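Structure record follows, encoded as structure tokens.
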Amino acid sequence: MIKFGPSGSPEDFLQDPAYNGTVDMPRYVKARGLDCFEYSFGKGVRISEATASAIGAAFAALDVEISVHAPYFINFANPDRAKIENSFGYITASLDALRTFGGKRCVFHPGSPLKRDRADAVADMQRNVAELAELLHRNGYDDLRVCPETMGKLNQLGTVEEIADLCRIDPIFTPCVDFGHVNARGLGCLKTVDDFKRVVDAFGCVLDWDRVKNMHVHFSKIQYTEMGEKCHLTFDDEVYGPEFAPLAEVLVEYKMTPYIVSESAGTQGRDAAIMRDIYREALAKA
Ligand SMILES: [Zn+2]
């Protein structure tokens, strides 16, 4: 089943006295007719076992899916070996919390070349991510989906092709396609149904269909400059895009069942529901 939901705490969740923290998030998700939620460990994996268990129980009770976002400071292209070991640790800590939450998916940003040659950085990232896969298998994380994300700034690693290549390394990797990032990096390249098809097809021609069909999706409108991503917007934006409707057509035509996570700036709950409605309309027309 396709799933829609917010990333992080939307403004209307924070402002409503009926909700007090993440244990109440499944109620918020259900009240809006949504299905999933993404918990961010962007600034580090700092959560007690007791809190994580309470969150897991709350999500299980209402049958709401939870995914996690690993820390932003992961960089698998760092030439410093100690930093790579730290990055391994950030992933396994995120996966341990994910397991306690009862979730299945962990998103991560693969890294940046820093001041190095991009080809060298990509080669190092490939080698380190292959080592990560081995480490994950050795330590029994095979049942989880680890999702490298397409990135929005030109100076970050994570083009569509780079993420497809990372996923080819091992079946434990499922792509996280952030269409807002792809559009920002391509300076507004996603407009038509065919534009979105080309992105999905780039994964479809190198990965098994299960991982493409069930990909993880981040979707928001994002402002960009010639350097790529500048900041996340809401669905009220009419300048930068991308629009969700053409992607909805592709999801219906390809019979895809991804998790679609809204990363709008403050309106994640509302915008996830807008995407769900657009998707249902596309489904009804097909
Ligand atoms: Zn991300």
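The values are calculated or read from the model by the stated rules, or taken from the named source; none is laboratory data. Since the model is a prediction, treat every value here as computed from it, not as a measurement. Neighbour counts are summed over all protein chains in view; Cβ atoms, including those assigned to glycine, are modelled from backbone coordinates with ideal geometry.
A compact table of results
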item	result
For Asp277: the one exception among (1) over 21 Å from His109 (Cβ atoms); (2) under 19 Å from the mean Cα position of the chain (by Cα); (3) surrounded by fewer than 24 Cβ atoms within 10 Å (Cβ to Cβ)	(2)
Positions within the range 112-129 being touching a Phe, Trp or Tyr at 6+ places or on another chain (Cβ under 9 Å) and either under 18 Å from Pro71 (Cα atoms) or not in a helix (DSSP H, G or I) (or both), in sequence order	Met125, Asn128, Val129
Near pairs, Cβ below 7 angstrom, 6+ apart or cross-chain, from the range 133-145 (farther than 15 Å from Tyr90 by Cα) to any residue that is modelled with pLDDT of 95 or more and among the hydroxyl-bearing types (Ser, Thr, Tyr)	Arg145/Thr174
Residues of the range 224-239 satisfying the condition of being surrounded by 17 or more Cβ atoms within 10 Å (Cβ to Cβ) and either touching a helix residue (DSSP H, G or I) at 6+ places or on another chain (Cβ under 6 Å) or farther than 21 Å from Gly269 by Cβ (or both)	Tyr224, Gly228, Glu229, Phe235
The range 152-199, residues that are in contact (Cβ under 8 Å) with a residue 12 or more places away in the chain, of a type in the set (Asp, Glu) and away from the ligand (no atom under 16 Å from the Cβ)	Glu161, Asp165, Asp170, Asp195
Tally of residues being touching a helix residue (DSSP H, G or I) at 6+ places or on another chain (Cβ under 9 Å) and over 20 Å from Arg145 (Cα atoms) across the range 35-52	3
Of residues in the range 251-269 being assigned to a helix (DSSP H, G or I) and crowded, with 19+ Cβ neighbours inside 10 Å, the one farthest from the ligand (Cβ to nearest atom)	Leu251
Subset of the range 37-83 (residues that are within 14 Å of Ala93 (Cβ to Cβ) and of a type in the set (Asp, Glu))	Glu49
Test: residue in the range 28-37 that is within 16 Å of the ligand (Cβ to nearest atom) and either modelled with pLDDT under 95 or crowded, with 21+ Cβ neighbours inside 10 Å (or both)	yes
Any hit, the range 53-74, residues being at pLDDT below 95 and either of a type outside the set (Lys, Arg) or touching a helix residue (DSSP H, G or I) at 6+ places or on another chain (Cβ under 8 Å) (or both)	yes
Residue ranges of strands (runs of 3 or more DSSP E) in the range 1-106 with at least 2 members in contact with a Pro (Cβ under 9 Å, 6 or more places away or on another chain) and touching a residue at least 60 places away in the same chain (Cβ under 8 Å)	36-40
Residue that is farthest from Cys36 (Cα to Cα), among those in the range 176-194 that are of a type in the set (D, E, K, R) and surrounded by 19 or more Cβ atoms within 10 Å (Cβ to Cβ)	Arg185
Selection count, the range 70-110, where residues are under 27 Å from Ala58 (Cα atoms), of a type in the set (Phe, Trp, Tyr) and within 16 Å of the ligand (Cβ to nearest atom)	3
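Residue-by-condition table, conditions (1) aromatic (Phe, Trp, Tyr); (2) surrounded by 15 or more Cβ atoms within 10 Å (Cβ to Cβ); (3) within 24 Å of Ile47 (Cβ to Cβ):
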| position | (1), (2), (3) |
| --- | --- |
| His69 | no, yes, yes |
| Asn78 | no, yes, no |
| Ala93 | no, yes, yes |
| Phe101 | yes, yes, yes |
| Ala133 | no, yes, no |
| Leu144 | no, yes, yes |
| Pro148 | no, yes, yes |
